[in-house]
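Working notes for the structure below.
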Amino acid sequence: METDDDYEKNPLFSLTVDLNVLDHLADGLYSSVAAVLTEAVANAWDADAKTVRLDLDIDDDRILLADDGVGMDVDAVNERYLRVGYRRRDDSGETTAELRRPVMGRKGIGKLSLFSIADEIRIETKRRGGGIVALLIDVEELREKMKKPGYEVYHPRPVDPEHAQKLSDRGTVVVLSKLKKFRLRETKPESLRRRLARRFSVVGSEDFRVYVDGVEVTSRDRADLKFVQYAWVFEGTDFSVPDGGEEPKRFDLRAREAGWPPERKISGWIGTVDKPKQLATPEGNLNSVVVLSRGRLVQEDILPKISSAGLFTKYVTGQIEADWLDETGEDDIVTSDRQRLREDDERVAALSAFLTASMNEIGNRWTELRNQDKTDELRSRYPRIDEWLRKLESGWKSKAEKLLGRIAAMEIESDEEERDRKELVRHAIYGFERLRLRGDPEALEEALREGTDALLRVLSARDSLEAALYRDIVSNRLEAVSEFSKLTDDDAREKVLQKYLFDHLWLLDPSWDRPTEDEAMEERLRLLPEFADDEATNERYGRIDIRYRTVSGKAVLVELKRASAKPSSGQLLDQVEKYQKALKAKFHERFEAVIVLGSKPENAETAISSVMPGSKVLTYDELIVRAKQAYSEYLERSRKIDFIDGILDADEP
């Protein structure tokens, strides 16, 4: 039996690696088990394998990787497999010997990735017509020996083959044991298949098949195309959906920048889904665009490098290929773990700029498509929406359709999502009608330009008492107007006016819907001699029944004169000038005056507006006419609300 001394004296295999390099490459470089096994699959590709099998038996402390590639003899094991930093492309060319495949490997360090998940690596390999070469790398033994002074070369131990049946003709079997199970606890066959499918574009082709626990890895395992609603495909790409998948709406993208060299072009596709949660799978988040070169991943996600792509990117998945990123004659810009591109290279900057422009183009088109499709879906579900739209003027109709599209396309996370969307649409229509009746398209246009948040702010700002209590408002105003209409005596009307005016300023001006009170201001006004509540002051200055009221940020002073009183324009002007002089001395607010009397002197409103801009002079008869008009308007609004309420009451006609 061979002793340790004999084995060291006559070594068959030799591995030279610095311990610091081993620690960096084996333990600190690879972020996931999928990244580690990607290196093994890439090695099989470069070995002209047509079939690769990965069998996970983690509970029994074993992972087996087998391929039917060209295999190795002892010299090849030492010169290529055990030689850290072996540059395959420099020594053997850019393509493989038999199948002329583009070589994936470059730095010659990928085999060390296996050290990060296992402490024992057994290699059995055979070339056609040769014998089986078998060796064992004990990682702990390697570390201990490399710590000894003067020990520079580690000699893996030759072992008897255990997998001759898998190597009847040729190929390589790698068995991992003494697994680092803390790194493997989340590794499941279906998850590994999905990750490998996203890391290789060549997997599943006729001449390269990969199996995990006996199940072939195919493009279906990517799972990103399963939910893709719209797909943007770079020109020249052979794009197809796996069997059983639904074809998305497809759009073309240019494959290269105008000023690029002829050999530079992009292939692949970028897709968007209906809901971001569709990309959150148990095996990982698919909200990424992977970049591949020479058939394997070189960037796990390019989205973070794309500037100004917009919030829509949370709906994005995809796969692009650019072989010019890994040209043999150029500097290697792929990081050592072959999962990321170096950002300081011109090629990466060019790719990022090109994809930024492409994503901006996609984002604009995606918004239009999504809004239109969601609006069509909404109109199909609630047919009476079409009836409402047909009743709108053409200019407002287009705004309404844009509004519905924005609301319909909003992402609502809720257990009762459709109910929430239904209520949102209902209140959006309420808010839209309020803006339309007030002739305020600018507020809606600006909000639509700014986005969903601004739109909701506009609608919620207008979604006040009228939105929820239209019928109550109509009822209350009808009661007030009815009482006015029954009165024939002007002085009696004055008393009724005093009763309702403070809580119904809309009788003075329909735009004054929601006045606010300020008791502190009221008390400060009382301290001014001109506004004291006593007989002498009323005799000198005139009686002010409602001293102060704020409306839309303005301070309104309301004076009620007896219906029988007939002051001249000059008298009213003198009185308002006294008020203005007193108010300016104590307050910074802008005041307006409203004077109500039996008959209106000629030019009275023009006169007092010259002192207090915006002031009004009204008669009791005018108030009654205005009240009736307001009642008619609100009654019509009530009928409109009855119709709007019914728009969404049933899903089908």
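A few points about this structure:
- Test: residue in segment 156-170 that is under 30 Å from Thr313 (Cβ atoms), aliphatic (A, V, I, L, M) and not in a loop (DSSP other than H, G, I, E, B): no
- Subset of segment 115-135 [part of a strand (DSSP E or B) and within 19 Å of Asp57 (Cα to Cα)]: Ala118, Asp119, Glu120, Ile121, Arg122, Ile123, Glu124
- For segment 68-113, filtered to residues that are assigned to a helix (DSSP H, G or I) and under 43 Å from the mean Cα position of the chain (by Cα), the residue that is farthest from Ala134 (Cα to Cα) is Arg89.
- Residues in segment 578-613 that are closer than 23 Å to Ala565 by Cα, in a loop (DSSP other than H, G, I, E, B) and within 56 Å of the chain's Cα centre (by Cα): Met612 only.
- Among all positions in segment 375-393, there is no residue which is within 25 Å of Gly295 (Cβ to Cβ), more than 24 Å from the chain's Cα centre (by Cα) and either part of a helix (DSSP H, G or I) or touching a residue at least 40 places away in the same chain (Cβ under 8 Å) (or both).
- Verdict on Ser168 being touching a residue at least 40 places away in the same chain (Cβ under 8 Å) and polar (S, T, N, Q): no
- Set Arg390, Arg384, Arg370, Arg294: member being closer than 23 Å to Ala255 by Cα and of a type in the set (Lys, Arg): Arg294
Listed here are the residues, each with its yes/no results for (1) at pLDDT 90 or above; (2) in a strand (DSSP E or B); (3) assigned by TED's automatic domain parsing to the domain that holds Arg106.
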position	(1), (2), (3)
Asp243	no, no, no
Asp252	yes, yes, no
Arg256	yes, no, no
Trp260	yes, no, no
Glu263	no, no, no
Ile270	yes, yes, no
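- Qualifying residue in segment 340-357 (condition: acidic (Asp, Glu), in contact with a Phe, Trp or Tyr (Cβ under 7 Å, 6 or more places away or on another chain) and surrounded by 15 or more Cβ atoms within 10 Å (Cβ to Cβ)): no
- Contact map, segment 603-616: residues that are closer than 13 Å to Phe591 by Cα paired with residues that are among the basic types (Lys, Arg), Cβ distance under 9 Å, separation 6+ or inter-chain. Pairs shown: Ile608/Lys616; Ser609/Lys616; Met612/Arg590; Pro613/Arg590; Gly614/Lys554; Gly614/Arg590.
- Residue that is farthest from Asn360 (Cα to Cα) [pool: residues in segment 278-311 that are assigned to a helix (DSSP H, G or I) and modelled with pLDDT under 85]: Lys305
- Some residue of segment 106-121 being more than 25 Å from Thr335 (Cβ to Cβ) and free of Cβ contacts under 8 Å to residues at least 40 places away in the same chain: no
- Taken over segment 205-236, the criterion of being surrounded by 19 or more Cβ atoms within 10 Å (Cβ to Cβ) and part of a loop (DSSP other than H, G, I, E, B) is satisfied by Val217, Ala223, Asp224, Leu225, Phe227.
- Qualifying positions in segment 610-627 - exposed (fewer than 14 other Cβ atoms within 10 Å of the Cβ) and either not β-branched (Val, Ile, Thr) or not assigned by TED's automatic domain parsing to the domain that holds Lys561 (or both): Ser610, Pro613, Gly614
- Complete set of residues in segment 237-258 that are among the small types (Gly, Ala, Ser) and crowded, with 16+ Cβ neighbours inside 10 Å: Ala255
- Filtered by the rule that a residue be of a type in the set (Val, Ile, Thr) and within 30 Å of Leu325 (Cβ to Cβ), segment 339-395 gives Val348, Thr356, Ile362.
- Hey, Glu343 modelled with pLDDT of 85 or more and among the charged types (D, E, K, R) or not: no
- The number of residues in segment 539-592 being at pLDDT below 75 and of a type in the set (Asp, Glu) comes to 3.
- Residue list for segment 313-330, restricted to those being surrounded by fewer than 21 Cβ atoms within 10 Å (Cβ to Cβ), in a loop (DSSP other than H, G, I, E, B) and touching a helix residue (DSSP H, G or I) at 6+ places or on another chain (Cβ under 9 Å): Glu327, Thr328, Glu330
- Matching entry among Lys166, Lys111, Lys145 (being over 24 Å from Ala49 (Cα atoms), among the charged types (D, E, K, R) and either out of contact with any helix residue (DSSP H, G or I) (no Cβ under 7 Å at 6 or more places or on another chain) or not assigned by TED's automatic domain parsing to the domain that holds Asp332 (or both)): Lys145
- For segment 311-356, the set of residues classified as β-branched (Val, Ile, Thr) and either farther than 24 Å from Asn287 by Cβ or touching a residue at least 60 places away in the same chain (Cβ under 8 Å) (or both) consists of Thr317, Ile320, Thr328, Ile333, Val334, listed by residue number.
- Of all residues in segment 6-58 being among the charged types (D, E, K, R) and modelled with pLDDT of 90 or more, the one that is farthest from Ser201 (Cα to Cα): Asp57
- Meets criteria (touching a helix residue (DSSP H, G or I) at 6+ places or on another chain (Cβ under 7 Å) and under 30 Å from Met359 (Cα atoms)) for Leu253: yes
The values are calculated or read from the model by the stated rules, or taken from the named source; none is laboratory data. Model, not experiment: these values are computed from the prediction. A quick note on method: Cβ atoms are made from the backbone with ideal geometry, for glycine too, and the neighbour counts reach across all protein chains shown.
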